[in-house]
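The values are calculated or read from the model by the stated rules, or taken from the named source; none is laboratory data. If you're wondering where the values come from, they're calculated on a predicted model, not measured in any experiment. A quick note on method: Cβ atoms are made from the backbone with ideal geometry, for glycine too, and the neighbour counts reach across all protein chains shown. We work out accessible area using only protein heavy atoms, side chains counted, and drop any ligands, DNA or RNA first. Shrake-Rupley method; radii C 1.70, N 1.55, O 1.52, S 1.80 Å.
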Amino acid sequence: MSRTIPLNRRGIGASQLVLGCMGLGGGWTHDPLTAEHLKEAHKVVDTALSCGINMFDHADIYAYGKAETVFGQMLKERPGLRDQILIQSKCGIRPLDSSSGLPKRFDFSKEHILASVDGILNRLGTEYIDILLLHRPDPLVEPEEVAEAFAALRQAGKVKGFGVSNMSAAQMAFIQASLPEPLLVNQLELSFAKLDWLDASIHHNQKEGAAVPFPEGTLEYCQMKNVQIQAWGPLAKGIFTGASLEGQPESVKQTADLVASLASSKGVSREAVALGWLLRHPAGIQPVIGTTNPERIRASAQALSVELTRDEWYQLYVCARGRAMP
Ligand SMILES: NC(=O)c1ccc[n+]([C@@H]2O[C@H](COP(=O)([O-])OP(=O)(O)OC[C@H]3O[C@@H](n4cnc5c(N)ncnc54)[C@H](OP(=O)(O)O)[C@@H]3O)[C@@H](O)[C@H]2O)c1
């Protein structure tokens, strides 16, 4: 079911489905980009556009920068496309550096944010990105410093809007308090395989709630503040929609069966049911699909026309939980 999503309410014409670009550029190797990778980027973007998807999600670290680089090469061959799409990227994760012996770490310093955006723009070959997300919470964050970085980026015309990823309501509110403009996005892992965002609310005031590793109130905060919630990993690598079920627990197999049966009765793809379940939530979630397979992009786009009833939504939730509601 398609909704008016928070970004649309702010006048940003984003599609409800977002194409996640982590799989572009040949994956997590240091092998050089090839003509095949560029061809794949063209095909993925063509298919997304033909399905009405106009928003693309990146991060400076994806495929060690090659995802953005190949996307930039694709843009260069298609003058005019840049202004028809929305590009979001992320910074703040510094990968393991074996030459200096430094571990993977997070960095929201002004210096790092500014340098990261210059790298992103350089790889994408664009003068601006539409949205910049802070990728994962940095315990050493100083919100005033983040605010200075954001102000400099906005003033230079390098970034049009800002958001966060993998953050709780409290972490968002802490940063928001120093910003003159609203955070637009919070990107979180949400799927049948990652249900703590719902379990946190249904187990409130219960012993079991203490064990749910998701801070209560994050969804409510985003809904109240018109923050766009984006779902990363929404297809859970396909285990509910056709990927191998070998070694998976019974609840995953039963949920995959239920997804298949609902898809068949509604005459839609299994991806449409899995993503349609996220779309049915009143927050107006944007699933960020990570497939590079054109068939699966098209199958995913069917989610926009699927209608799940309240009962079907609960059937899927309870089945994926693997236990009854409290
Ligand atoms: N903010 C964060 O911390 C964060 C973290 C991770 C990812 N992300 C973003 O979210 C996007 C999506 O994440 P994701 O890739 O983990 O999510 P996903 O959309 O749940 O999974 C996509 C992956 O699952 C595979 N897949 C899907 N259906 C399948 C099936 N039926 N059979 C076999 N394989 C299947 C896809 O392979 P094919 O390509 O072959 O279809 C692809 O490798 C990323 O591209 C990135 O933009 C953000």
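Details
- GNM remark for the chain: springs join alpha carbons under 10 Å apart, and the peak mean-square fluctuation among 144, 208, 189 falls on 208.
- Most fluctuating residue given options 191, 251, 116, as computed from a GNM of the chain linking Cα atoms under 10 Å: 251
- Taken per residue, the accessible surface of the chain reaches 45 Å², heavy atoms only and a 1.4 Å probe.
- Choice from 173, 193, 211 with maximal GNM fluctuation in the chain (Cα, 10 Å cutoff): 211
- Region 133-182 shape via C-alpha gyration tensor axes, a/c threshold 1.5: prolate
- Counting heavy atoms of the protein chains alone, residue 94 has an accessible area of about 80 Å² for a 1.4 Å probe.
- Computed [θ] at 222 nm, helices only, for the chain once each DSSP H run of length n ≥ 4 contributes -39500 (n - 2.57): -12000 deg cm²/dmol
- Relative contact order of the chain, pairs being alpha-carbon contacts under 8 Å that are 6 or more residues apart, as %: 18 percent
- With all protein chains in place and a 1.4 Å probe, the accessible surface of the chain carries 52 percent carbon and sulfur.
- Size-normalised alpha-carbon gyration radius of the chain, reference 2.2 N^0.38 Å: 0.99
- Residues whose amide H comes within less than 5 Å of that of residue 106, counting only those at least five positions distant or on another chain, are 94 (H built at 1.01 Å from N in the peptide plane).
- Estimated distance in nm for a label pair at residue 321 and residue 35, the labels positioned 7 Å out from Cα along Cα-to-Cβ: 5.5 nm
- With 0.36 nm allotted per residue and the present C-alpha distance subtracted, the residue 4-residue 307 stretch has 107.6 nm of extension available.
- Phi angles across region 177-188 convert, under the Karplus curve 6.51 cos²θ - 1.76 cosθ + 1.60 with θ = phi - 60°, into 3J(HN,Hα) values of 4, 9, 9, x, 10, x, 5, 8, 9, 10, 9, 10 Hz, Gly and Pro given as x.
- Once the Cβ-Cβ distance of residue 181 and residue 106 is raised to the sixth power relative to R0 = 25 Å, the FRET efficiency obtained is 0.65.
- Straightening the chain between residue 298 and residue 77 buys 77.2 nm, computed as 0.36 nm per residue apart minus the Cα-Cα spacing.
- With a cut-off of 18 Å on the backbone N, the residues of region 298-324 near the modelled label site 7 Å out from residue 43 along Cα-Cβ are 298-301.
- Cα gyration tensor category, rounded, prolate or oblate, for region 1-145 with a/c compared to 1.5: oblate
- Packing around the peptides 145-153, 176-184, taken as the average count of other Cβ atoms within 10 Å per residue, puts them in this order, highest first: 145-153, 176-184.
- Residue 142/residue 261 FRET efficiency (R0 56 Å; Cβ-Cβ; nearest 0.05): 0.60
- Vicinal HN-Hα couplings computed from phi for region 202-219 (Karplus, 6.51 cos²θ - 1.76 cosθ + 1.60; Hz; Gly/Pro x): 6, 9, 4, 6, 9, 3, 4, x, 5, 8, 7, x, 9, x, 4, x, 5, 5
- The count of lysine pairs in region 6-231 that are at least 8 places apart or cross chains, and whose C-alpha atoms lie under 16 Å apart, stands at 10.
- Extended-chain gain in nm, criterion 0.36 nm per residue less alpha-carbon gap, residue 253 and residue 196: 18.6 nm
- Summing charges over all other residues whose Cβ lies under 12 Å from the Cβ of residue 226, with Lys and Arg as +1 and Asp and Glu as -1, gives +3.
- Taking the DSSP bridge list for the chain and keeping only pairs wholly inside it, about 15 percent are antiparallel.
- Cα-based shape type of region 209-326, given that a ≥ b ≥ c are square roots of the gyration tensor eigenvalues and the cut on a/c is 1.5: oblate
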